[in-house]
C-alpha cells in the first residue's frame, strides 16, 4: 500500500475548536487525508459541516454508526477513525470502529470511565488494530529530547518532579452564558468524574511520566470547585509518589486568572535539572551547580528522536500544531507499515496508546478519590 492514509472523523463539526486542530495536524505532512465524517450529533449539522470541509456528500454521514457501517463496504474505505468528541462520546465509536476493522486515534481522556478504557484495551488486543491517543504535548521535539537526556543519565537519578498546567478561562461561570466548550467540560454526564483534573491534569500526568520514564504510584490531592454552583473541580493540587522513590507536585487549574496554557515541567535529579515550558517550546534548560545550558534546535544539538520530530530549518520555531502533527504522523506510519507487513521503527511507535489512556483514567480517578477523602493517599494500581 503506497498511498495516503484515509481518515474518517467523529465530531469536530461547526463551532468545535479541537476538531479543526486535529484536521490541521493530520494533514500537515501530507500523509493523511480526511475522506468522510460524522461531524455532529445531529445529521443536518453533520452534513453541513462536511460540506464546509468539501467532503463528498455521500460520505458526510448523519451518525458514526452510519459512517462505520457504510465505510466498511467501500473499496476506498477509510483506514482510521479520529474521535474528537466530548469525553462521554469516545467509547461507543471507538468500540464500533475496532469491531469493524478500523484503527482508532482518540482525544483524551480516553473514555468516560476506567471500565470503558479497559474494555477498549481488550478489543485492541483481540483485533490487533492500532489505537492512538492525542496527548499532543509529548510531540514537542524538546520534550522528546528531555526524555532522551534523562534516559542517558544527564541529571542522574530523579528525585523530584514538578509539573503545572494552569489556565484561567473558567475563572467565571461562562458555562451559564452559552460557552459550548465550558458547558460539556463542567457537566459530569459528559466530562466524567473530573473537571480540570480530566481536562488538564491527565496531560500533566502523561507529560511527567513520558519525560521521566517513571510511573506515579500514589497521590494525595486537594481538589476545589471555586466557582459557586460548579459541580466538577476547577483546581487541583496533587502530591505525587513515583515508583523508584521520586516525589513530585502536580497542579492543574482552570481558574488561574491570567494564564492561558502555561504547561511546564521541572525534573530534578542528583546531578542537575531539566525544565521546559510550552510558552517557549523550542528551548530546554539544563541546570546544575556547574552552570546552565540551553538546548535548542540547531546543528548537532538534538538527539535523533528530537530531530525526527522537527520539520523546519533551524532557527524557525515550531509549536502546538507541529507537536500535534507528530502524534498523527507516527500513528499513520505505524498503521501503514503494519498494513504492508513491515516493522514500524522506534520513532514510528513514539505516540501515546491505549495503555497511556488507562494510566490517565487511573490517575484522575485516584486524584478525585483522594480529594474527596480526608487527606488520604490513594494508590494507582
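Within the range 102-126, the set of residues being in contact with a helix residue (DSSP H, G or I) (Cβ under 6 Å, 6 or more places away or on another chain) and without any contact (Cβ under 8 Å) to a residue 60 or more places away in the chain comprises 104, 116, 123.
One residue stands out among those in the range 1-13 that are on the phi < 0 side of the Ramachandran plot and surrounded by 14 or more Cβ atoms within 10 Å (Cβ to Cβ): the one that is modelled with the lowest pLDDT, which is 13. The number of residues in the range 352-381 being at pLDDT 95 or above and over 17 Å from residue 117 (Cβ atoms) comes to 8. The number of residues in the range 19-45 being in contact with a helix residue (DSSP H, G or I) (Cβ under 9 Å, 6 or more places away or on another chain) and in a helix (DSSP H, G or I) comes to 8. The test for being surrounded by fewer than 17 Cβ atoms within 10 Å (Cβ to Cβ), under 21 Å from residue 7 (Cα atoms) and within 20 Å of the chain's Cα centre (by Cα) does not hold for residue 108.
Might you check whether a residue that is buried (at least 17 other Cβ atoms within 10 Å of the Cβ) and over 27 Å from residue 242 (Cα atoms) occurs anywhere in the range 354-368? No, because not a single residue in the range 354-368 is buried (at least 17 other Cβ atoms within 10 Å of the Cβ) and over 27 Å from residue 242 (Cα atoms). In the range 230-254, the residues that are under 10 Å from residue 367 (Cβ atoms) form Cβ pairs under 8 Å with partners that are assigned to a loop (DSSP other than H, G, I, E, B) and at pLDDT 95 or above, at six or more places apart or across chains, as follows: 233/194; 233/195; 233/225. Within the range 296-320, the residues that satisfy the criterion of being over 12 Å from residue 280 (Cα atoms) and either at pLDDT 90 or above or surrounded by 14 or more Cβ atoms within 10 Å (Cβ to Cβ) (or both) are 297, 301, 302, 303, 304, 305, 306, 307, 308, 309, 310, 311.
Scanning the range 297-310 for residues that are in contact (Cβ under 8 Å) with a residue 24 or more places away in the chain and in a loop (DSSP other than H, G, I, E, B) gives 297, 302, 303, 308, 309, 310. Among all residues of the range 193-209, there is none that is surrounded by fewer than 17 Cβ atoms within 10 Å (Cβ to Cβ) and in a loop (DSSP other than H, G, I, E, B).
Looking at the range 325-381 only, could you name the residues that are over 27 Å from residue 201 (Cβ atoms) and assigned to a loop (DSSP other than H, G, I, E, B)? Answer for the range 325-381, where residues must be over 27 Å from residue 201 (Cβ atoms) and assigned to a loop (DSSP other than H, G, I, E, B): 340, 341, 342, 343, 344, 345, 346, 347, 348.
In the range 69-100, of all residues being assigned to a helix (DSSP H, G or I) and closer than 19 Å to residue 202 by Cα, the one that is nearest to the chain's Cα centre (by Cα) corresponds to 87.
The values are calculated or read from the model by the stated rules, or taken from the named source; none is laboratory data. On a predicted model such as this, the values are computed, not experimentally measured, just so you know. For neighbour counting, all protein chains shown are included, and Cβ atoms are generated from backbone atoms with ideal geometry for every residue, glycine included.
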